[in-house]
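The values are calculated or read from the model by the stated rules, or taken from the named source; none is laboratory data. Computed from a prediction, not measured in an experiment: that's the story for all the values here. Every residue, glycine among them, receives a Cβ derived from its backbone with ideal geometry; neighbour counts consider all protein chains shown.
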Amino acid sequence: MNQRRLRENEWIRDLVREVVVRPEALVQPHFVVQGLGGPEAVPGLTGVFRENEESLLKRVESDLENSGVRKLLLFGVPNEKANGNFKVDFTARQVERLRAAFGKNLFIAVDVCFCSYSTHGHCGVLHAECDHLENAATVSELAKASLVYAQAGADCVAPSDMMDGRVAAIRKMLDENGFSRRLLMSYSAKFHSSFYGPFRVAADSSPQKSGQKNLLHDRSTYQIDPSHPRDAYLSSERDAKEGADILMVKPALAYLDILQDLSRRIEKPWAVYEVSGEYAAIEVLAERGLIDARRAHLESWTAFFRAGASMVITYGARHARKWLSES
Ligand code: PBG
């Protein structure tokens, strides 16, 4: 059987291609940090910065004008930390400012989670004994925060905390307050991964290690065990039933089997998050002269769409048009 005829030149390769990277299906994450003097580069994430209120607007404007990126995912990092009654007004204000500056030209998704808002770096309300997160208390705050973000003008709220029942609570809160048209994207298949490293530097969200000896030291009691794919299915199925519009697999490259399986079994739009550590891995290899970053990123994105993603959240969204035009 001759397969090489179909690989012979770029004309025939163009004609037989099955998967294309669509730059309009990429979402650019942003970190906005309260009280920052100016933008600070995030280690490993070339061209991504911790922004302050002014530099965020400039970055988004440049993305719109120079890179054609109209969809973003916002992470707010307030300077006041708590354990309960989390203050989300700083993040909400950034949403308002973005909406005021760019109107409907921009699709604004807001990450809903408390790891950047808590004294201990966990994603919710830590029980007095410091050994577990309180599900009900966290869910009620997540729902309130989602409403505040919707009121501020978010198109989409995206809970990433991994508490049980948060999708139903958020959907109900939005519906009952006149925001039934706002989207809910659930990080439904979010794994307990080592690939979140650069993000935790950017978002100031590492679980605190010192302190009481029974203090939760990682997120294994709320994020999904990488060895338990059935949990990813059941969690995603539940979130779809509870009213999520978009489901997500996260991280991406090490979880392509999950993405392929779940996107076939659950007929919803699937997002995949190419997380900070996997993005940075490519950048670091390229810095050492071992691979070509542009080609490696495009190859990864191709894999995500091939495995069933409708959209990809990636720190490189702003480079996509340029990189694609060079190929
Ligand atoms: C918040 C959150 C995390 C990421 C997105 N939302 C970190 C975590 O769960 O520790 C990771 C994104 C990335 O690594 O790029 N819970």
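Quick one: is F199 buried (at least 16 other Cβ atoms within 10 Å of the Cβ) and assigned to a loop (DSSP other than H, G, I, E, B)? Quick ask: steps written out before the conclusion?
On the way: buried (at least 16 other Cβ atoms within 10 Å of the Cβ): yes; assigned to a loop (DSSP other than H, G, I, E, B): no.
When the stated conditions are applied, F199 does not pass them.
Checking M162 against (1) at negative phi; (2) within 16 Å of the chain's Cα centre (by Cα); (3) of a type outside the set (F, W, Y), which single condition isn't satisfied?
Result: M162 fails condition (1) only.
For the stretch 151-161, check the following and say yes or no: at least one residue is touching a residue at least 24 places away in the same chain (Cβ under 8 Å) and in contact with a Cys (Cβ under 6 Å, 6 or more places away or on another chain). Before the answer, list the steps.
Taking the stretch 151-161 as the starting set, the residues that turn out to be touching a residue at least 24 places away in the same chain (Cβ under 8 Å) are 151-161.
Filter once more, keeping what is in contact with a Cys (Cβ under 6 Å, 6 or more places away or on another chain): 160-161.
Scanning the stretch 151-161, I find at least one residue that is touching a residue at least 24 places away in the same chain (Cβ under 8 Å) and in contact with a Cys (Cβ under 6 Å, 6 or more places away or on another chain), so the answer is yes.
Suppose we keep only residues that are surrounded by fewer than 21 Cβ atoms within 10 Å (Cβ to Cβ) and touching a residue at least 60 places away in the same chain (Cβ under 8 Å) within the stretch 22-41. Which one would you say is farthest from G76 (Cα to Cα)?
So in the stretch 22-41, the residues surrounded by fewer than 21 Cβ atoms within 10 Å (Cβ to Cβ) come out as 22-25, 34-41.
Checking which are touching a residue at least 60 places away in the same chain (Cβ under 8 Å) leaves us with 22-23, 25.
Numbers: R22: 27, P23: 25, A25: 23 Å.
Here the residue is R22.
Looking only at residues that are in a strand (DSSP E or B) and hydrophobic (A, V, I, L, M, F, W, C) in the stretch 5-29, which one is nearest to the chain's Cα centre (by Cα)? Don't jump to the end; show me each part of the working.
Of the residues in the stretch 5-29, the ones in a strand (DSSP E or B) are 26-29.
This time we only want the ones that are hydrophobic (A, V, I, L, M, F, W, C), so: 26-27.
Numbers: L26: 11, V27: 9 Å.
It comes out as V27.
Are any of the residues in the stretch 138-146 more than 21 Å from K172 (Cα to Cα) and over 19 Å from the mean Cα position of the chain (by Cα)? Step through it out loud before you land on a result.
Just the residues of the stretch 138-146 that are more than 21 Å from K172 (Cα to Cα), to begin with: none.
No, there is no match, as no residue in the stretch 138-146 is more than 21 Å from K172 (Cα to Cα) and over 19 Å from the mean Cα position of the chain (by Cα).
Before we move on, is F179 within 13 Å of the ligand (Cβ to nearest atom) and either touching a Cys at 6+ places or on another chain (Cβ under 8 Å) or of a type in the set (F, W, Y) (or both)?
Working: within 13 Å of the ligand (Cβ to nearest atom): no; either touching a Cys at 6+ places or on another chain (Cβ under 8 Å) or of a type in the set (F, W, Y) (or both): yes.
No.
Which of (1) touching a residue at least 60 places away in the same chain (Cβ under 8 Å); (2) within 17 Å of the chain's Cα centre (by Cα) does V110 not meet, given it meets every other one?
Of (1) touching a residue at least 60 places away in the same chain (Cβ under 8 Å); (2) within 17 Å of the chain's Cα centre (by Cα), only one is false for V110: (1).
Over 29 Å from D131 (Cα atoms), in contact with a strand residue (DSSP E or B) (Cβ under 9 Å, 6 or more places away or on another chain) and away from the ligand (no atom under 16 Å from the Cβ): does that describe F49?
Taking the combined requirement at face value, the residue does not satisfy it.
Yes/no per residue for (1) surrounded by fewer than 23 Cβ atoms within 10 Å (Cβ to Cβ); (2) modelled with pLDDT under 95; (3) aromatic (F, W, Y):
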residue	(1), (2), (3)
H122	no, yes, no
N135	yes, no, no
Y149	no, no, yes
A152	yes, no, no
C156	yes, no, no
V167	no, no, no
I170	no, no, no
